[in-house]
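S.K.: This is the structure I want to talk about, given as C-alpha cells.
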Amino acid sequence: MMSRDNDENWMRYALQLAERADEEGEIPVGAVLVLDNRIIGEGWNRPIGRHDPTAHAEIAALRQGGETLQNYRLLGATLYVTLEPCIMCAGAMVHSRISRLVYGASDFKTGAAGSLIDILGHPAMNHKVEVTAGVLAETCSSRLSDFFRRRREEIKAKKTRAASGEL
C-alpha cells in the first residue's frame with residue numbers, strides 16, 4: 001500500500017500536467033500512471049485541441065503505459081488523476097486492469113468512481129479497482145474552479161465588446 005505522502009507527491013506531478021492542459025486552453029486535468037514508483041505513462045486533457053472526445057488525461061496516460069509495458073494489461077499500476085474520472089475513463093481503467101486509482105477533486109456531474117456512479121466498484125465488473133479519493137482535493141478543485149471562472153470572465157468580456165461594437 002502506498003503512503004499518503006507518496007500519493008500526494010504523485011498528485012502534485014499530476015497537477016503539473018494539469019497546468020499543461022490549462023496552458024493549451026483545455027480543462028486542467030492531469031494524470032500520471034505509476035508502477036513500482038516509476039512513471040510509465042502520463043497525460044493531460046486535449047480533446048479540444050485534438051478534436052477528439054477520447055483525448056482525456058487518463059486515456060493518454062493509459063495508452064502511454066501500454067506502450068511502455070508493451071501490454072494492454074497494466075497490472076499493479078496506480079493512476080493518479082486530478083479529477084474523478086468519467087464513465088469512459090473508468091471503463092478503460094477496468095479493461096486495463098490497473099490496481100488502483102487515486103484522484104483529487106470529486107466530480108458530482110460525471111464522476112464514475114463513486115460521486116455520480118461507481119463503475120470501478122460495481123459488483124458486475126470483472127475487475128475491481130481500489131479507489132483513494134480526495135488527495136489534494138482542495139488544490140485540484142481550486143485549479144478547476146479558477147479555470148472555469150476565467151472562462152466565464154472571457155466570455156463576458158467578449159459579449160461586452162461585441163455589444164459595444166468593438167468586435
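S.K.: For semi-axes √(5λ) of the Cα gyration tensor in Å, which listed value, [x] 26, 18, 14; [y] 30, 16, 15; [z] 25, 23, 16, comes from the coordinates shown?
M.R.: Among [x] 26, 18, 14; [y] 30, 16, 15; [z] 25, 23, 16, the one calculated here is [y].
S.K.: Here's another thing I want to ask about it. Using a 1.4 Å probe and counting only protein heavy atoms, arrange 19, 84 so the residue with the most accessible area comes first.
M.R.: Ranked from most to least accessible, the order is 19, 84.
S.K.: Can you tell me the length gained on complete extension of the stretch residue 115 to residue 19, counting 0.36 nm per residue apart and subtracting the Cα distance?
M.R.: Full extension from residue 115 to residue 19 adds 32.2 nm.
S.K.: Hey, which lysines would be in cross-link range of residue 128, C-alpha to C-alpha under 28 Å, not counting anything within fewer than 8 residues on its own chain?
M.R.: 109
S.K.: Of the beta bridges DSSP finds with both residues in the chain, what % are antiparallel, to the nearest 5?
M.R.: In the chain, DSSP labels about 60 percent of beta bridges as antiparallel.
S.K.: Residue 126: net charge of surrounding residues, Cβ under 14 Å, Lys/Arg +1, Asp/Glu -1, itself excluded?
M.R.: It works out to a net charge of +3.
S.K.: What's the center-to-center distance, using Cα atoms, between region 1-70 and region 82-130 in Å?
M.R.: 15 Å
S.K.: Name the longest site-free stretch of the chain, where the excluded sites are chymotrypsin sites (Phe, Trp or Tyr not before Pro) in a DSSP loop with no more than 16 other beta-carbon atoms within 10 Å.
M.R.: In the chain, the maximal stretch lacking such sites is 1-71.
S.K.: Also, I was wondering about something else. Tilt of helix 87-96 relative to the longest C-alpha principal axis of the chain, in degrees (0 to 90, nearest 10)?
M.R.: 30 degrees
The values are calculated or read from the model by the stated rules, or taken from the named source; none is laboratory data. The structure presented is a predicted model; accordingly, all values stated were derived computationally and were not measured. Please note: Cβ atoms are built from the backbone with ideal geometry, for glycine as well, and neighbour counts cover all protein chains shown. The area values use the complete protein model at the heavy-atom level, side chains included, leaving out ligands, DNA and RNA. Shrake-Rupley method; radii C 1.70, N 1.55, O 1.52, S 1.80 Å.
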